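Undergrad: Right, I'll just put the structure down here and ask away after.
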Amino acid sequence: MSGQGAKYEVFKIRSADGKNEVDIYSAQFRVGNIYFYENILSPFITGVVTIISTSAAAESQDDTQGRLGSLHTALPLEAGCEVFMKIKDHIGKGINLSSERDTYKRMYVNEVQVIDKKSTSEIIQLRLISKIAWRNNTERITKHFRGRITESVKKILKSNLGLAGSRIKVDDSSNSYSFMGMTKRPFDLIAMLAKQTIPKNTANPGYFAFETKSGFNYVSADSIINAKPYKKSYHYDGKVQASSQTKNDDNDYKITSLVVNKDQNLTKQIRSGVYANKTIFFNPASYQFTEIDITVADDKLYKDPKFSTLGKQPDVPSILTDNFKVGKNFHRVQTAVLNIGGEKENIDPNNSPEFYYAAGTTRYNLLFSQSYAITIPCNTDLEAGDVIRLEIEDITDKKEQGPDQKSSGNYIIQSLCHYFEAEKSVTSLTLIRDSYGLHFSKNT
Amino acid sequence: MANPDLDFYGLNTHRWIGIILPYNSQQNQTNGDAGFGFRYRVAIMGYHPLDSLIKDEEIVFAIVALGVSDGTGAANRQRTPRIAQGDVVMGIFLDGDRRQNPVIMNVLGRTEGIKYGKGRFQPKTGFVGSTQPADLFDRQESSESHGICSPRAITPSATENKPNIAGLLKSGLPEIPTLGAIPTPPGNISSLVSDQLGGALGNVGDLTGGLDDAIGATQEQLNQALDMF
């Protein structure tokens, strides 16, 4: 069965001063819909809730006669209110952000917008954020960090954002970096570090820092690509069958709509240095300029044997191969001045960009080269950063040959939106991929 | 609403302003016993805390950009930076928004009114380490329009700046400055001068005649030499 309505097992709002509270099961308001968002490019989760409130939804704490009023006025519903919600859906385990003890397992009202106001009711939209989202704005980091980058990230997450170790997932890095907080906010600092971090098992730099309902992730692009896909494949075909007919859960894993947002762009990829890159570094201690040319023609960048991809390793267009032969060896130029010594009185480069500049750029650009938008029946087991496998119907008369070999395969969930309302619930996904095909090149 | 973060010096240009940290925190680099080139630890306004949450030794070194007429050391042309602890310096971040790799571009001169303190962002004396006050200039540490206070010749204090009365009396001059106290020299001054000038000019005429004779003799010798060829 697909698109079933969601059940709100818990939905209550606590006022910003913590003195007043309304519960959906005891007060006169109802939830119109809920959007819940995750994105591997966003360090925190967000949500939007639409509430329909009557004129007697909450008892004002300021009113000595205990009169009832609308949520907006009597609760009062304002920025800083806490929202507890536990939503059950048909396929997944649901979303549980209703913890009374753990303040990181609930949402906070960031904005309140009154959409419609009548004499007896009002429609209010709440924009929600997680705790680390607002806490990030209260923190300025001035400390000095040294050692492995991922150890520094863990320290920031724990000491500056207050996250418990159990809610942090970090892939260990191989490189170290000595750096100052420079009064940056935690997420700004983490975003700066993500581009410079090289995972332990490979030489491919590039990390993502994002929050899902399970916790905070600081994980390498490589580990996302090499992750095991979701247990069920999602299929896209023209067949429409009622669940009663299929007598299985096929319809739960059916893609209801598929839109190709982006499918490669040769000129953009050339300009972004996916195929050939020149990096120039100046070392102020040795007074030397160093040029490094790397191209796919030399089995570098994504042609590096250690470079894992979601699909078949992409080929180099022959027009570019010919171009390399006539000496066109770089398409993008990047420059940097090396940070020598850092805070120490020595002459060692501090996390030299020679190791991450070009390769990191290639990794990020290639990963976002294909983008699909799909809608599926709500599945709260899925999270941003997960890998799912799509089987897309081949446009042929011989369906027995199987799915489309090119567009089918593994995709990364770049972002998702779980949408809940009384009658239906769906999940919208933005999927990204670096290459085509059902078979992937894995690096372990 | 304007972004409150924009009211921050150098946010978009990656420029910064800061103060050189104490000599003790960078002694080896400053003395040339470690590191390379000219580097100074700089506490940067807005980026480093005023308190001791971090140690001075944890603050990154900034390299120094020299002026075009200072020389890089090539062809033995060089001038060392005149930067001391407590100096306020300006610079840019070589790594842009990452802000981990600062370079010092300029200094701001000290004024006479500055007050020294022990805090991280408080000025400190530049007389530290091997830099000690010079005898002539004493402990001056400011750079302003009126210039440095330099030494001048003064009368030895033993005379107490009094006139030499005994010497005046011995020369026949009155104790108190008096108009006409020095007598007029005897005779007509102008005829004395012209007589002496006339004699001198006569000597010049003798010299010219001698020079002509010498030139004539030389010419004759040259002609004889040419005839031989």
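Read-outs throughout are calculated quantities, based only on the coordinates presented, and are distinct from any laboratory measurement. What you are looking at is a predicted structure, and each value in this text was computed from that prediction instead of being measured. Here the Cβ positions follow ideal geometry from the backbone for every residue, glycine too, while neighbour counts run over all protein chains shown.
Undergrad: Report, to two decimal places, the Cα Rg of the protein assembly as shown normalised by 2.2 N^0.38 Å (N = number of residues). Mind showing how you got there, number by number?
TA: Numbers: Rg = 41.1 Å, N = 673, 2.2 N^0.38 = 26.1 Å.
So the protein assembly as shown has a normalised radius of gyration of 1.57.
Undergrad: By how many nm would the segment from A:ASN201 to A:ASP315 lengthen if fully extended, with 0.36 nm per residue of separation less the alpha-carbon distance? Provide the component values of the computation, followed by the final result.
TA: Working: separation 114, 0.36 × 114 = 41.04 nm, distance 2.46 nm.
Full extension of this stretch gives 38.6 nm more.
Undergrad: Another question, then. For chain B, find the longest principal axis of its Cα atoms and tell me its angle to the long axis of helix B:189-228, 0 to 90°, nearest 10.
TA: Its long axis makes an angle of about 90 degrees.
Undergrad: Provide a whole-number value for the mean count of partner chain Cβ atoms within 10 Å of the Cβ atoms in peptide B:62-72. Please list the in-between numbers first.
TA: Numbers: counts 0, 6, 0, 1, 0, 0, 0, 0, 0, 0, 1.
For this peptide, the per-residue mean of nearby foreign Cβ atoms is 1.
Undergrad: At q = 0.11, 0.14 Å⁻¹, what is the log10 ratio I(q)/I(0) for the stretch A:187-298, with the Debye formula run over Cα points and no solvent?
TA: With one equal scatterer per Cα and no solvent, log10 I(q)/I(0) is -0.69, -0.97.
Undergrad: Another question about this same structure. What FRET efficiency do you get for A:ASP102 and A:SER233 if R0 is 35 Å and r is their Cβ-Cβ distance, rounded to the nearest 0.05?
TA: On the way: r = 34 Å, r/R0 = 0.98.
Calculated value: 0.55.
Undergrad: Rounded to two decimal places and with Rh computed the Kirkwood way over Cα pairs, what is Rg over Rh for chain B? Intermediate results must be reported in sequence, preceding the final value.
TA: Working: Rg = 35.3 Å, Rh = 25.7 Å.
With Rg and the Kirkwood Rh in hand, the quotient comes to 1.38.
Undergrad: So, how do all the Cα-to-Cα distances of the stretch A:314-405 break down into 5 Å bins, in percent, from 0 on up?
TA: Histogram of Cα-Cα distances, whole percents per bin: 2, 8, 10, 11, 12, 11, 12, 11, 9, 6, 3, 2, 1, 0, 0.
Undergrad: A follow-up question, please. Beta carbons within 10 angstrom, averaged per residue: use that to sort the peptides A:311-321, A:144-154, highest first. Intermediate values should be presented prior to the final figure.
TA: Values: A:311-321: 15.4, A:144-154: 19.4.
My ranking of the peptides, most packed first, is A:144-154, A:311-321.
Undergrad: In addition: Ignoring everything except DSSP H segments at least 4 long, calculate the 222 nm mean residue ellipticity for chain B; use -39,500 (n - 2.57) per segment, divide by total residues, nearest 500. Write out the running numbers ahead of the final one.
TA: Numbers: 3 runs with 51 residues, N = 229.
It comes out at -7500 deg cm²/dmol, rounded to the nearest 500.
Undergrad: At 25 °C and 0.890 mPa s, what whole-number value in µm²/s does Stokes-Einstein give for the translational diffusion of the stretch B:59-188, with Rh from the Kirkwood sum over Cα pairs?
TA: After rounding, the answer is 117 µm²/s.
Undergrad: Sorted from largest down, what three extents in whole angstroms do the Cα atoms of the stretch A:242-304 have along their principal axes?
TA: Cα extents, longest axis first: 74, 25, 22 Å.
Undergrad: Given the convex hull over the Cα atoms of the stretch A:125-196, what projected area results after averaging over all orientations, in nm²?
TA: Details: hull surface 21.7 nm².
Mean projected area of the Cα convex hull: 5.4 nm².
Undergrad: How crowded by other chains is B:36-46, given as the mean number of beta carbons from other chains within 10 Å of each beta carbon?
TA: Values: counts 10, 6, 0, 5, 0, 2, 0, 0, 3, 0, 3.
Mean shielding count: 3.
Undergrad: Taking R0 as 25 Å, what's the FRET efficiency between A:ASN261 and A:ASP397 from their Cβ-Cβ distance, rounded to 0.05? Don't skip to the answer; put the middle values down first.
TA: Details: r = 29 Å, r/R0 = 1.15.
According to the calculation, E is roughly 0.30.
Undergrad: Further, regarding this structure: Towards the positive end of the charge dipole of chain B, with charges on Cβ (+1 Lys, Arg; -1 Asp, Glu), say which of B:GLY167, B:ILE148, B:VAL107 has the farthest Cα.
TA: In chain B, that residue is B:VAL107.
Undergrad: Next question, about the same structure. Once you have all Cα-Cα distances for the stretch B:36-119, histogram them in 10 Å bins from zero and send the whole-percent values.
TA: All Cα pairs, binned at 10 Å, distribute as 14, 44, 32, 9, 1 percent.
Undergrad: Turning to a different aspect of this structure: State the volume of the convex hull built on the alpha-carbon positions of the stretch A:58-125, expressed per residue in Å³ and rounded to an integer.
TA: Working: hull volume 9.1 nm³, N = 68.
Considering the Cα atoms of the stretch A:58-125, their hull volume per residue is 134 Å³.
Undergrad: Compute the distance in nm between two label points, each set 7 Å from the Cα along the Cα-to-Cβ direction, one at A:GLN125 and one at B:ASP213.
TA: Roughly 12.1 nm, to one decimal.
Undergrad: Please compare each pair in A:LYS195/B:LYS124; A:LYS278/A:LYS306; A:LYS254/A:LYS306; A:LYS344/B:LYS118; A:LYS303/A:LYS406; A:LYS88/A:LYS154 to a cut-off of 30 Å on the Cα-Cα distance and tell me which ones are over it.
TA: On the way: A:LYS195/B:LYS124 39 Å; A:LYS278/A:LYS306 20 Å; A:LYS254/A:LYS306 34 Å; A:LYS344/B:LYS118 23 Å; A:LYS303/A:LYS406 19 Å; A:LYS88/A:LYS154 32 Å.
Too far apart for the 30 Å limit: A:LYS195/B:LYS124; A:LYS254/A:LYS306; A:LYS88/A:LYS154.
Undergrad: Could you order peptides A:58-69, A:22-33 by the average number of other Cβ atoms within 10 Å of their residues, highest first? Please list the in-between numbers first.
TA: Details: A:58-69: 12.9, A:22-33: 16.7.
My ranking of the peptides, most packed first, is A:22-33, A:58-69.
Undergrad: Hey, got the average number of other protein chain Cβ atoms within 10 angstrom for residues in A:33-46? Mind dumping the intermediate values first?
TA: Details: counts 0, 0, 0, 0, 0, 0, 0, 0, 0, 0, 0, 0, 0, 0.
The mean count of partner-chain Cβ atoms within 10 Å per residue comes to 0.
Undergrad: May I pose another question? Calculate, for A:LYS406 and A:THR73, the FRET efficiency according to 1/(1 + (r/R0)^6) with r their C-beta to C-beta distance and R0 60 Å; round to the nearest 0.05. Could the numbers behind the result be given before it?
TA: Details: r = 57 Å, r/R0 = 0.95.
With a Förster radius of 60 Å, E is 0.55.
Undergrad: Now for a separate question. In debye, nearest 20: dipole of the stretch A:267-361 around its Cα centre with unit charges on the Cβ of K, R (+) and D, E (-)?
TA: Numbers: 11 positive and 11 negative charges, 101 e Å.
Here the stretch A:267-361 has a charge dipole of around 480 debye.
Undergrad: Can you show me the helix-derived [θ] at 222 nm for chain A, built from DSSP H runs with n ≥ 4 at -39,500 (n - 2.57) apiece and divided by the number of residues, rounded to the nearest 500.
TA: Details: 9 runs with 60 residues, N = 444.
Using -39500 (n - 2.57) per qualifying helix, the result is -3500 deg cm²/dmol.
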